[in-house]
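Working notes, beginning with the structure itself.
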Amino acid sequence: MGTSTAQDLIATYRGAMARFTTGVTIVTTVTPDGPAGMTASAVASVSLDPLMLLVCVGNTLATRDAISGSGVFAVSVLSQGQEHHALRFASRCDDKFAGMGLRTGHDLAVVDGAVAYFVCDVKEEVAGGDHTIFIGEVVSCGYSADSEPLVYFGGKFGSLCDPHAHAQLAFDWHLASSM
């Protein structure tokens with residue numbers, strides 16, 4: 001699919017990026033007024049030695065200034081069924097944390113029931129167009145081996161497909177329907 005104008009290129013870029021399946025995360029930090037956070041899909045591993053990851057945060061978001069000011073952030077990788085958290089943190093509502101379950105034992109907000117989490121100290125801030133790339137050194141992390149991640153593709157939330165489980169369900173359904 002070719003492009004002819006800058007607007008066409010932007011539209012094509014957005015469409016192409018929507019075809020890149022990503023995990024869904026909530027990035028949190030602290031401010032003098034309490035916790036701050038946002039939904040993010042631009043998260044990636046950077047290094048194993050030292051342990052580092054990056055998050056990309058829009059320059060117009062309050063969370064960007066909060067991370068820059070605090071020097072710390074946490075990333076919670078959401079699990080299936082946590083779409084409501086992703087939608088809440090993607091909005092500009094006043095108290096995104098109201099009534100939300102958080103893991104204890106962390107200075108930063110970490111989403112309870114998340115598939116994985118990472119607590120980081122900011123090591124670098126890099127300008128990236130209309131975003132800031134925060135590179136953090138991981139000081140704490142954990143995961144749940146028995147939960148499934150929430151994924152995002154084509155502008156919609158989804159889940160991973162386990163072919164073996166689906167094959168077993170199809171077999172069981174076919175067997176039951178033939179009796």
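The values are calculated or read from the model by the stated rules, or taken from the named source; none is laboratory data. All figures in this text were calculated on a predicted structure; none of them were measured in a lab. When we count neighbours, we look across all protein chains shown, and the Cβ atoms used for this are built from the backbone with ideal geometry, even at glycine. Ligands, DNA and RNA are stripped out before the accessible areas are found, and what is left, the full protein with its side chains, is counted by its heavy atoms. Shrake-Rupley method; radii C 1.70, N 1.55, O 1.52, S 1.80 Å.
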Being modelled with pLDDT of 90 or more and either closer than 19 Å to residue 42 by Cβ or β-branched (Val, Ile, Thr) (or both) narrows 157, 89, 153, 97 down to just 89
Restricted to segment 76-99 and to residues being of a type in the set (A, V, I, L, M) and either touching a Lys or Arg at 6+ places or on another chain (Cβ under 8 Å) or closer than 11 Å to residue 38 by Cβ (or both), the residue least open to solvent (accessible area, probe 1.4 Å) is 86
Residue 128: passes all of (1) more than 21 Å from residue 20 (Cα to Cα); (2) open to solvent by less than 70 Å² (accessible area, probe 1.4 Å) but (1)
For segment 55-74, pairs from a residue that is at positive phi to a residue that is in a strand (DSSP E or B) and open to solvent by 30 Å² or more (accessible area, probe 1.4 Å), with Cβ under 7 Å and 6 or more apart or across chains, are 71/121; 71/122
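Quick one: which of 17, 38, 52 is farther than 21 Å from residue 150 by Cβ and under 17 Å from the mean Cα position of the chain (by Cα)? Walk me through how you get there before you give the answer.
Details: 17 fails: farther than 21 Å from residue 150 by Cβ; 38 fails: farther than 21 Å from residue 150 by Cβ.
Going through 17, 38, 52 in turn, the sole match is 52.
Mind counting the residues in segment 102-120 that are open to solvent by 30 Å² or more (accessible area, probe 1.4 Å) and either of a type in the set (Ser, Thr, Tyr) or modelled with pLDDT of 90 or more (or both)? It would help to see each step written out before you state the result.
First, the residues of segment 102-120 that are open to solvent by 30 Å² or more (accessible area, probe 1.4 Å): 102-107, 112-113, 118.
Imposing the further condition that a residue be either of a type in the set (Ser, Thr, Tyr) or modelled with pLDDT of 90 or more (or both) reduces the set to 102, 104, 112-113, 118.
Count: 5.
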* Can you find a residue in segment 35-45 that is at pLDDT below 95, of a type in the set (A, V, I, L, M) and either surrounded by fewer than 20 Cβ atoms within 10 Å (Cβ to Cβ) or outside any strand (DSSP E or B) (or both)? -> yes
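Of everything in segment 32-54 that's touching a strand residue (DSSP E or B) at 6+ places or on another chain (Cβ under 8 Å) and free of Cβ contacts under 8 Å to residues at least 12 places away in the same chain, which residue is farthest from residue 84 (Cα to Cα)?
45
Where in segment 111-157 are there strands (runs of 3 or more DSSP E), lying wholly inside it, with at least 1 residues that are within 20 Å of residue 68 (Cα to Cα) and in contact (Cβ under 8 Å) with a residue 60 or more places away in the chain?
On the way: elements: 116-128, 131-143, 151-153.
Output list reads 116-128, 131-143.
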